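Encoded as structure tokens, the structure appears first; notes follow it.
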Amino acid sequence: MQWTDDYLVGIAEIDEQHKSLLGAASAIIESLHQGRKWLEIHSAMLRLLESAKVHFAVEESLMRLCRYPGLKEHENEHQKFADKLTGLQLESLTEDVSFAMAAFIKKWLQQHIHNTDKQFATFILEATAIGDKEKAGKSERAA
């Protein structure tokens, strides 16, 4: 999974976190294709899951602050991803789920960023632009 500007949502911190998540996913996929040892792949999965949890907390906090109406649905998507990845990680202890895992991670990240995250980012950017305009109007009236 290569980062392209097509993944940009327009919020710098979120874009940087998305780059990191895609990089972690790419490392897992590359390790699988190179036939690396299970422990290395398992460790990379743990890093991806931990990075994703931090990223999800940042996104959800931003949504709460801006009163994003799709917060609950977005939280549910995040939870389903974490649950599925945890399940795959546990399954990997007894069977080879590596390529199913790689396909899931790649598909989920692409769809989630391109659809769900871009929707919330548009809302956030519009909400903060309106807030900036309102603040500017108040300071002009005060002057």
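All of the numbers you see were taken from the coordinates with simple rules; none came from a lab. For clarity, every value in this text was computed on a predicted model and none was experimentally measured. Note that each Cβ is placed from the backbone with ideal geometry, even for glycine, and that neighbours are counted across all protein chains shown.
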Burial ranking of peptide ranges 64-70, 32-38, 52-58 (average Cβ count within 10 Å, highest at the top): 52-58, 64-70, 32-38
For the range 9-132, what is the relative contact order in percent, using Cα pairs closer than 8 Å and at least 6 residues apart in sequence? 37 percent
With Rh as the Kirkwood radius over Cα pairs, the chain has Rg/Rh of 1.10
In a solvent-free Debye calculation with one equal scatterer on each Cα, what is log10 I(q)/I(0) for the range 26-86 at q = 0.17, 0.20, 0.29, 0.30 Å⁻¹, listed in the order of the q values? -0.64, -0.77, -1.14, -1.18
Peptides 45-51, 6-12, 24-30 ordered by average Cβ neighbours within 10 Å, highest first: 24-30, 45-51, 6-12
Expressed in angstrom and rounded, the centroid-to-centroid distance over alpha carbons for the range 10-54 and the range 98-114 is 11 Å
Under Karplus coefficients 6.51, -1.76 and 1.60, residue-wise ³J(HN,Hα) of the range 4-11 in Hz, glycine/proline x: 9, 5, 4, 7, 4, 10, x, 10
